[in-house]
Each structure stands twice: as structure tokens, then as C-alpha cells.
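Notes for the one structure printed next.
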Amino acid sequence: MTNVTEPSDTFVTRTGLDDLFKRHPSNPILEAARWPYSANSVFNPGAVRLPSGETLLLVRVEDRRGASHFTVARSDDGISGWSIDHTPTLMPHPEEYPEELWGIEDPRIVWLDELQRYAITYTAFSRNGPLVALALTEDFVTFERRGPITPPEDKDAALFPHRIAGRWALIHRPVATTANSKANIWLSFSPDLKHWGDHMMLIEARDGSYWDAGKIGLSPPPIQTTEGWLMIYHGVRHTASGALYRMGLALLDHDDPRIVIRRGEDWVFGPSAGYEFMGDVPNVVFSCGTVVDEATGEIRMYYGAADSSIGLATARVADLLDWLRTTGRDGRR
Ligand code: BMA
């Protein structure tokens with residue numbers, strides 16, 4: 001007879017968790033030191049694969065004042081040989097868009113078939129606080145700004161690529177004005193990309209010691225899979241040495257994304273490499289874009305490391321879904 005408690009099945013299935021995402025050996029793949037013009041840091045890029053097969057990153061570049069803008073970087077293989085615009089691609093334009101006074105940040109890109117254009121939802125930052133703004137583009141050369149689509153404080157937003165039951169749907173992250181400033185993920189609907197309503201809380205930050213207690217937000221745009229919309233979201237843990245940003249998974253119903261089918265309890269990707277531990281904001285991995293190779297089922301996640309450089313991590317979509325199926329829980333909590 002022994003009193004030693006056997007590990008539970010749940011524990012056993014959690015081993016090997018670190019292998020879900022694999023860091024690329026040439027990480028960080030993009031850094032300010034290799035930028036064609038003076039920049040403090042390059043991070044949190046939106047990502048898309050163009051019809052030509054090229055990977056395009058819309059990179060958040062922070063200048064030495066502290067304000068951010070976006071610059072396009074293109075690569076044939078999505079890993080190396082980046083061709084970077086020699087001047088900023090999209091600058092804040094506070095004269096016409098005062099909400100961009102202190103910069104534009106964290107773009108999420110989605111191709112909208114109906115409009116035949118890419119939609120970029122990004123954070124516009126000013127003394128009124130961060131809010132979500134929308135711009136449309138065909139070619140990442142000229143952009144049509146549609147202005148703010150949410151009031152502050154709100155960020156971490158992405159559209160779904162097509163209408164759902166006749167309306168556009170937006171995932172975003174408003175911050176509550178209650179004493180604890182709890183920040184949950186919300187879903188809103190619009191007939192025209194301008195007027196938004198039927199707001200509902202989609203996924204709630206957990207409590208206590210959880211990695212995603214108190215503050216969560218969408219990371220890349222939702223990813224269409226055979227089992228529903230795969231959502232990679234970030235969670236923030238407040239520690240004695242500051243905020244710790246990690247990412248976890250949830251799955252939304254394909255036809256009705258108000259339904260949360262599964263939510264993982266553990267984080268699946270967190271800082272562990274030197275360039276993620278050290279930088280302007282240590283202990284941060286933060287993704288705004290993925291590219292999925294339909295033929296191989298591989299997902300490439302581009303992410304900001306320590307708000308300083310850009311890393312690439314890959315996983316198999318089937319493994320992420322399998323992990324959610326075996327270890328996830330039902331529902332939004
Ligand atoms: C979040 C966002 C990200 C940033 C992260 C860590 O609130 O503003 O742009 O990477 O904080 O600083």
C-alpha cells in the first residue's frame with residue numbers, strides 16, 4: 001500500500017504542452033537593428049498570405065518618441081529575406097483623426113471577400129485612451145480610414161471574414177470602469193461596419209491565480225477550422241515583477257460565434273526564450289497575426305517578443321483542436 005497519489009489523466013495529457021507551438025530557430029526573425037530607418041522597436045505585426053504566395057506583415061514600429069506606426073515587410077517564405085518598406089507605410093494622422101495622436105498599434109488583418117479588400121482593425125491611441133479604428137486596403141499601399149468603431153477604452157479587435165447571419169461581427173476588448181478594471185472579450189454586430197450593437201460578453205477573464213485572471217484579449221483574428229473558429233487569446237498575470245503575457249485557446253461555433261464550444265484552462269504559449277524575457281517590456285509574447293497553410297495544416301504565428309522584436313512559432317491546427325477537445329472545458333468561463 002502506498003499513499004502516493006497517482007497523477008490524474010488531466011495531468012498526464014498536459015505533459016508535452018510546451019511542444020504545441022515550436023519557435024523558429026532563426027528567431028527573432030525581425031528586429032529594429034535590421035530596420036531600414038531609425039526605430040526603437042518592431043513588434044506585434046498583423047499577418048496575411050497574399051494571393052502571390054508572399055507573406056505580408058504589417059509591423060508595429062515604435063519610433064524614438066514612443067509613438068507607433070505601421071510598416072509593411074514582405075517575404076517569399078515568411079521566414080527570411082524580408083523586403084521592408086523604406087519609409088513608414090501608414091502613419092498616424094492626428095490632424096484628421098485626433099484619436100491617433102499618440103500612435104496606431106497592434107493591427108489585425110482580415111480579407112473581406114464581400115468588399116474585396118483587407119480590413120485592418122487597430123488601436124488608435126490618444127489622451128482619450130485607446131480605441132478600435134478601422135482601415136481598408138487592397139494593396140497595403142493606399143488605405144481608406146473609416147475612423148473609430150468603438151469608444152475608449154477598447155482594443156484587441158478583429159472582424160470575422162464574412163457576415164454571420166447577415167451581419168458583420170467584431171471581437172474586441174473593452175475595459176470595465178469598475179474598481180478592478182476587469183477586461184473581458186466581447187462580441188458586437190453591425191449591418192454596415194459602422195453602426196455596432198447587440199454587444200455581448202464572449203469570454204470572461206478568470207479569477208485568482210489563473211494565468212488569464214483579470215485581463216484577457218483576442219490575439220490574432222479568429223481562424224476558420226473544421227470544428228469552428230479557433231481563437232488564440234492572451235491573458236495577463238500581474239506578478240511582483242510586472243505583467244506576464246501568455247496565450248491560450250478557445251473554440252467558437254462556426255455558424256454562431258456567440259457560442260463558446262471549448263476553452264482551454266492552461267496557457268499554450270508563454271515567454272521562455274531570452275528575447276521574450278528581455279526587452280522594453282519583459283515577459284511578453286503578443287500575437288496579432290497568423291498565416292495558415294491549408295495544404296499542410298500548419299499555422300504560423302507571428303508575435304511580438306518583449307515589445308521589442310518579432311518571433312515566429314508554428315503549430316498544427318489539428319493538434320491545437322485536439323488539445324482543446326481533450327483538455328478544454330465547455331463554455332465561456
Ligand atoms: C498590451 C498591448 C500590447 C503590448 C502589451 C505588453 O496592453 O498594448 O501592444 O504588447 O500590452 O506591453
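None of the figures in this text is laboratory data; all of them are computed from the coordinates on show. None of the values given here were measured: they were computed from a predicted structure. Glycine also receives a Cβ, built like all others from the backbone with ideal geometry; neighbour counts cover every protein chain displayed.
Descriptive notes on the structure:
- Centre separation in Å (Cα based) which lies between segment 32-107 and segment 182-230: 25 Å
- Scaled radius of gyration (Cα, divided by 2.2 N^0.38 Å) that the chain gives: 0.96
- Scoring 183-196, 215-228 by mean Cβ neighbours within 10 Å over their residues and listing the highest first yields 215-228, 183-196.
- Compared with the dominant principal axis of the Cα atoms in the chain, helix 317-327 is inclined by about 40°.
- Relative contact order, percent, the chain [alpha-carbon distance under 8 Å, six or more residues apart]: 16 percent
- With 0.36 nm allotted per residue and the present C-alpha distance subtracted, the GLU31-ASP319 stretch has 100.7 nm of extension available.
- Each of the peptides 156-163, 264-271, 109-116 was scored by the mean count of other Cβ atoms within 10 Å over its residues; in descending order, highest first, they stand as 156-163, 264-271, 109-116.
- Using a Gaussian network model of the chain in which every pair of alpha carbons under 10 angstrom is joined by a spring, one finds that among GLY304, GLY103, GLY279 the greatest mean-square fluctuation is at GLY279.
- Plainly put, segment 111-263 has a radius of gyration that is 0.97 times its Kirkwood radius, both from alpha-carbon atoms, as the Rg/Rh ratio.
- Amide hydrogen proximity for ARG146: with H placed 1.01 Å from N in the peptide plane, the residues at 5 or more positions away or on another chain lying under 5 Å are LEU134, ALA135, LEU136.
- Working note: Karplus 6.51/-1.76/1.60 with θ = phi - 60° gives segment 131-147 the couplings 9, 9, 10, 10, 9, 10, 8, 9, 10, 6, 10, 10, 10, 9, 7, 9, x Hz, where Gly and Pro are set to x.
- Quotient of C-alpha Rg and 2.2 N^0.38 Å, computed over segment 184-333: 1.05
- Along segment 160-167 the Karplus relation, 6.51 cos²θ - 1.76 cosθ + 1.60 evaluated at θ = phi - 60°, assigns HN-Hα couplings of 7, x, 9, 5, 10, 6, x, 10 Hz to successive residues, with x for each Gly and Pro.
- Close lysine pairs were tallied over the chain: pairs 8 or more places apart or on different chains with Cα atoms under 24 Å apart number 4.
- Proxy reagent accessibility, fewest Cβ within 10 Å first, across ARG237, ARG263, ARG117: ARG117, ARG237, ARG263
- Under-5 Å amide H pairs with SER41, H placed in peptide plane, nonlocal only: GLU62
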